[in-house]
1. In this structure, is residue 267 within 23 Å of residue 454 (Cβ to Cβ), open to solvent by 20 Å² or more (accessible area, probe 1.4 Å), of a type in the set (Phe, Trp, Tyr) and outside any strand (DSSP E or B)?
2. Output the strands (runs of 3 or more DSSP E) that fall wholly within segment 1-114 and possess 1 or more residues being in contact with a Leu (Cβ under 7 Å, 6 or more places away or on another chain), or say none.
3. Residue 303 is checked against (1) without any contact (Cβ under 8 Å) to a residue 24 or more places away in the chain; (2) in contact with a Phe, Trp or Tyr (Cβ under 6 Å, 6 or more places away or on another chain) and fails just one. What number does that condition carry?
4. Considering only segment 450-474, state which residues are part of a helix (DSSP H, G or I) and more than 18 Å from residue 26 (Cα to Cα).
5. Determine whether segment 285-307 contains at least one residue that is out of contact with any strand residue (DSSP E or B) (no Cβ under 8 Å at 6 or more places or on another chain) and either under 28 Å from residue 254 (Cα atoms) or part of a strand (DSSP E or B) (or both).
6. Can you give me the ranges of the helices (runs of 4 or more DSSP H) entirely in segment 329-395 with at least 3 residues that are buried (at least 24 other Cβ atoms within 10 Å of the Cβ) and of a type in the set (S, T, N, Q)?
7. Quick one: would you say residue 126 is within 22 Å of residue 66 (Cβ to Cβ) and touching a residue at least 24 places away in the same chain (Cβ under 8 Å)?
8. Working only within segment 143-164, note down all residues that are part of a helix (DSSP H, G or I) and out of contact with any strand residue (DSSP E or B) (no Cβ under 9 Å at 6 or more places or on another chain).
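The values are calculated or read from the model by the stated rules, or taken from the named source; none is laboratory data. All of these numbers come straight from a predicted model, not from anything done at the bench. Backbone-built Cβ (ideal geometry, glycine too); neighbour counts: all protein chains shown. Side chains included, ligands, DNA and RNA excluded: accessible areas come from the protein's heavy atoms. Shrake-Rupley method; radii C 1.70, N 1.55, O 1.52, S 1.80 Å.
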Amino acid sequence: MKILYVASEALPFVSTGGLADVVGSLPAAVRRAMGTKTTDVRVVIPMYPKVKSMIDDKFELVDEGSVHLSWREQYCGIWKTVRGGVTFYFIDNEYYFTRNCLYGEFDDAERFAYFGKAVIRLMEVTGFIPDIMHANDWQSALAVIYLKQTAGRGPLGKVRVLFTIHNIEYQGKYDMALLGDVFALGPSDRQTVEYNGLINLLKGAIVCADKVSTVSERYSNEILTEYYSSGLHHILRASRDKLTGITNGIDTEYYNPAKDTDIVKKYSVRDISGKAANKAELRSICGFGGDESAPIITMVSRLTGHKGFDLVRRVMGDILDQTNVCFAVLGTGEPEYENFFREMAWRRPDRIAVRLEYNKALSKKFYAGGDMFLMPSKSEPCGLSQMIASRYGNVPIVRETGGLYDTVKPFNEYTGEGNGFSFTNYNAHDMLAVIKYAIGKYYDKNCWDKIVHNVMSVDFSWNASAVKYAQLYESMLDY
């Protein structure tokens with residue numbers, strides 16, 4: 001089987017978040033699951049400046065040509081390299097992709113329309129016509145729409161499409177005036193992409209795809225409801241028969257405390273003694289004083305309201321007054337939350353620390369040094385951080401939503417089962433109650449050791465998920 005993954009980012013080349021982790025790990029896992037001798041797996045992403053800085057003799061310039069987009073004729077270079085048996089392609093165009101950031105540019109609509117056209121060109125000039133094109137999020141939506149325009153016209157018309165929604169809040173909404181001039185779509189395509197009077201690229205990909213998946217089982221059901229769908233529940237309900245949920249995994253080799261060179265001392269579920277040194281290092285990084293045995297709650301996240309930071313802000317005073325925990329936060333986000341944590345760290349530097357940056361190496365120190373990992377999201381399509389934290393014995397405290405519900409089962413003190421703590425309602429004081437309950441268990445050493453063992457023993461690798469994707473791909477083909 002031949003599979004082409006289409007995405008806007010992928011590790012180890014470029015990353016802004018969970019999408020890159022998935023696209024960097026899933027293709028290799030699927031290749032292993034389906035058989036390395038019979039499966040040809042390839043990935044295509046834009047060539048950003050960071051990718052260009054990595055070019056060496058293992059990279060090859062495959063083709064130079066142009067892409068026609070409405071009235072434009074734009075240069076299109078195609079590079080490739082092979083990592084772990086997976087071929088990675090990169091679409092080169094400095095005008096569109098030599099930017100300071102991956103997204104948030106004034107011309108994102110045109111940039112990713114170009115990318116969608118370039119994906120079609122890639123298949124044509126390389127002769128790699130996949131059985132399955134697996135596109136991800138709105139930045140790849142136009143590749144799906146353009147591909148389906150070729151239906152019935154040659155080999156490309158036989159390609160089956162799986163479209164994965166990583167976060168339904170990001171839909172690629174634009175004014176209808178861009179239909180022809182920017183997106184090179186005609187009047188007959190209007191009904192495909194129009195929703196509530198706007199162009200909605202995510203909606204167009206959902207309509208055009210043969211199958212649609214989400215990144216957790218729970219999320220695939222949640223987005224059928226108005227509360228979680230960001231307005232697309234009508235479209236998703238109409239497409240219910242082709243919707244499925246497969247929970248993400250993580251790269252368990254990259255996130256492995258037994259081998260991790262980014263942490264001060266290695267450890268494993270068999271011998272967790274090294275975790276104490278990592279906690280001491282995190283205390284030093286954060287400048288915490290006082291009781292060295294006090295638990296540390298960590299958060300590694302975008303600082304936004306829907307990640308639950310409004311709940312944290314609401315009860316931070318209670319947390320400080322009613323417990324002895326230290327609080328360590330890593331990430332960037334909305335100014336109101338960045339400013340809140342700056343002020344709290346200034347007021348209580350002995351117990352609160354914040355690092356306002358995106359730093360994967362530093363994040364591992366937060367995972368390894370923390371005792372509890374707080375993730376009280378309002379919605380969470382899958383979430384990777386709770387799984388990464390678990391690998392490092394950092395016990396997750398989560399709200400029961402999306403992938404958090406699927407991956408974290410609350411600890412049962414009577415049976416000894418469970419791999420974390422959870423609360424149901426999106427309520428600050430419910431969260432506070434669970435935090436206090438977890439702290440009580442922390443001071444019961446035998447109980448806490450059991451919880452940490454449970455947490456580190458869960459298999460969050462891609463193995464099981466890759467098998468499910470392989471089965472889904474097989475079901476999409478006409479034999």
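1. Values: within 23 Å of residue 454 (Cβ to Cβ): yes; open to solvent by 20 Å² or more (accessible area, probe 1.4 Å): no; of a type in the set (Phe, Trp, Tyr): yes; outside any strand (DSSP E or B): yes.
So residue 267 fails the test.
2. Working: elements: 2-6, 40-46, 60-69, 72-83, 86-92.
So the answer is 40-46, 72-83, 86-92.
3. So the condition that residue 303 fails would be (1).
4. Filtering segment 450-474 down to residues part of a helix (DSSP H, G or I) leaves 450-457, 463-474.
Result: 450, 451, 452, 453, 454, 455, 456, 457.
5. Yes, there is a match, as at least one residue in segment 285-307 is out of contact with any strand residue (DSSP E or B) (no Cβ under 8 Å at 6 or more places or on another chain) and either under 28 Å from residue 254 (Cα atoms) or part of a strand (DSSP E or B) (or both).
6. Numbers: elements: 335-347, 360-369, 385-391.
Answer list for segment 329-395: 385-391.
7. Working: within 22 Å of residue 66 (Cβ to Cβ): yes; touching a residue at least 24 places away in the same chain (Cβ under 8 Å): yes.
It is true that residue 126 is within 22 Å of residue 66 (Cβ to Cβ) and touching a residue at least 24 places away in the same chain (Cβ under 8 Å).
8. First, the residues of segment 143-164 that are part of a helix (DSSP H, G or I): 143-149, 155-158.
Scanning segment 143-164 gives 145, 146, 149, 155, 156, 157, 158.
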